[in-house]
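Asks: To start, I am sharing the structure in question, which I have written as structure tokens.
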Amino acid sequence: METTPPAPDDAAVVQAQLDRPPRGLRGVAHRCPCGNPDVVETAPRLPDGTPFPTTYYLTCPRAASAIGTLEANGVMKDMTARLADDPELAAAYRAAHEDYLARRDAIEVLAGFPSAGGMPDRVKCLHVLVAHSLAAGPGVNPLGDEALAMLPDWWAKGPCVPRGTAATDAATDGTAATAAGKDLSA
């Protein structure tokens, strides 16, 4: 899969999803079936020069909440234990780590920084692994694919942030009003 430049209102949608402006936004790495971005590609360095090694960032709050439930239920601990016991899984996960680094390094090399999500030796963040799976496509990150398969259809109730709402309009024009009463311009 290929990252695409953000459409005119994508940054506003992502801002509304995150309740803050996106940092280092380079493009949309995956779109939810509803049409909104659900994974963005971020720059390896933020505009102020701070390293930001999380290349693929999950933005959909519904998907993030469902992943949080998996994490709370001990899925990461079980996956990490399986890495120690299953050499094939460990090799595939190491390959996912190498893929993540190669994709990030194609943008800018962050020498000495890890990939993300705990790769290659443990599972630290399912959000990152799922984001990588969505951005790279099936078969690249085995544990991201597994976690993705465990998720409900987060888009089934419609977009998490409808385009053309107070939230996206506020993010676009810089006003502080949102449907939830939060300041998105900060």
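The values are calculated or read from the model by the stated rules, or taken from the named source; none is laboratory data. Please read these numbers as outputs of a predicted model, since none were measured by experiment. All Cβ positions, glycine included, derive from the backbone under ideal geometry; neighbour counts span all protein chains shown.
Asks: Take the conditions part of a helix (DSSP H, G or I) and of a type in the set (Gly, Ala, Ser) and apply them to Ala63. Does it pass?
Replies: Criteria met by Ala63.
Asks: Then there is this: Can you tell me which residue among Val128, Val140 is at pLDDT 95 or above, surrounded by 17 or more Cβ atoms within 10 Å (Cβ to Cβ), of a type outside the set (Ser, Thr, Tyr) and outside any helix (DSSP H, G or I)?
Replies: Answer to the selection: Val140.
Asks: Still on this structure, I have one more. Could you grab me the full set of residues in segment 110-138 that are aliphatic (A, V, I, L, M) and in contact (Cβ under 8 Å) with a residue 40 or more places away in the chain?
Replies: Leu110, Ala116, Val123, Leu126, Val128, Val130, Ala131, Leu134, Ala135, Ala136
Asks: Being closer than 21 Å to Arg104 by Cβ, surrounded by fewer than 21 Cβ atoms within 10 Å (Cβ to Cβ) and modelled with pLDDT of 95 or more narrows it down to one of Ala72, Ala81, Ala29, Ala43, so name that one.
Replies: Answer to the selection: Ala43.
Asks: Also: Here is a list of conditions, (1) surrounded by 13 or more Cβ atoms within 10 Å (Cβ to Cβ); (2) in contact (Cβ under 8 Å) with a residue 24 or more places away in the chain, and Asp145 meets all of them except one; can you say which number that is?
Replies: Result: Asp145 passes all but (2).
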